Every structure is written in C-alpha cells, then in structure tokens.
1. Taking a temperature of 4 °C and a viscosity of 1.567 mPa s, what whole-number D in µm²/s does Stokes-Einstein yield for the chain with Rh from Kirkwood over alpha carbon pairs?
2. Add +1 for every Lys or Arg and -1 for every Asp or Glu among the other residues with Cβ under 9 Å from the Cβ of SER73, and state the total.
3. Calculated from DSSP H runs of 4 or more alone, at -39500 (n - 2.57) each and per residue, what is the 222 nm mean residue ellipticity of the chain, nearest 500?
4. From the Cα gyration tensor of the range 78-140, with a ≥ b ≥ c the square roots of its eigenvalues, which class applies: rounded if a/c is under 1.5, or else prolate if a/b is larger than b/c, or else oblate?
5. Taking other Cβ within 10 Å of each residue's Cβ, how do CYS44, CYS89 sort, fewest first?
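Just so it is clear, none of the values below were taken in a lab; they were calculated from the coordinates. In this text, all values refer to a predicted model and were calculated from it rather than measured experimentally. Quick reminder, even Gly has a Cβ in these numbers, built from the backbone with ideal geometry, and neighbours come from all protein chains shown.
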Amino acid sequence: MDGSGSSRARTLHSFSATTLDGQEQDLSIYRGELVLVVNTASRCAFTRQFEDLQRLQLAYQDHGFTVLGFPSSQFLQEPLADDEIIEFCRTSYDVTFPLFSKVDVNGPDAHPLWRWLTSQRGGILGGRISWNFTKFLLSGEGTLLRRYAPVVPPLRIARRIEQELGITGGTAQLAPPR
C-alpha cells in the first residue's frame, strides 16, 4: 500500500483516506467496483448535485458501482465540520454513499489521491481542480477512465456508467421527478 502519492501509486487501490467518522480506510476495498470520486461542498452552486449523485448510487450500487465523496474547503464553500457534513448530506439529500473527511484537492497539502487523480487527467486549469464537484470515473481495476467538469450533471454520466457495467436500459429510473 502506498498512500503517499508516489510514483508507485498507480490506481485508486493504492490509497487510503479518512472517513467522516475518523477511521482510516484502505481504498482497495473498492477493487472490482466502478467508482465515481467527487470533491464536494455544502455551500456551492453545485451542491444540489448530491441529489443526482445519490440517484446514481441507488441505481447502480447493486451492479458494482459506488460514489465516493471528498468534501473540500479549498474554494471556501465547506464551512461544516466532518460530523456536520454527514448530518447535512443525510438530512438534506439522503446520501448513503461513502463520505470522507475534508481534504485539500490542490496544492502542496492536497490529499495524495487527489494529486494522483489530477496528474492522470488535466482539466481546464491543467491538472488543478477548478471547482467543487469535479468528478473522476475509475474502473474496477482502479484506473482513471474519465474526468468530468463541475458543470457536468451527474446524470449525464449514467450512460457511461451503464456501458462500463454492461447494463442496458437503466437510465429510465434516473429520470428527474416530474
């Protein structure tokens, strides 16, 4: 296990992260699962994306998919403490997917996972994360498949998720309520 982000860390499964309840979790437990890693915040224009991230979680979790949320205060939009974040996400958006302790996603103090993710696929600011709700889709082997900008709605990723999971016709259950 190499959680340092060194050149030996080549997949999601090479890292660990601290859960919101303070436990260090080896991310290799997601081996074999398609994973969507997202930096989140409770006071962002994109915070409502929690709703659709949860829809993805519910629709595909039984098929080997999970969302991993990493709150970040780097854009000054996550004022809550870890215990408040989990309460906010559960009561406001019924979030059931795993959430981790607040991390930096850019700069010298960036979590090693985020340094690795941004080194794998640049965005509009090169490798840097431009804003909250940047999304990274990773294969069951832990390799990066695609990076999505914050403005990309999570439900737009559903077809790619289905393709990777070998599911056909599943997006109907993801349609927004009328």
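1. 80 µm²/s
2. Combined, the nearby Lys, Arg, Asp and Glu give -1.
3. Rounded to the nearest 500, it is -7000 deg cm²/dmol.
4. Since a/c reaches 1.5 and a/b is larger than b/c, the shape of the range 78-140 is classed as prolate.
5. CYS44, CYS89
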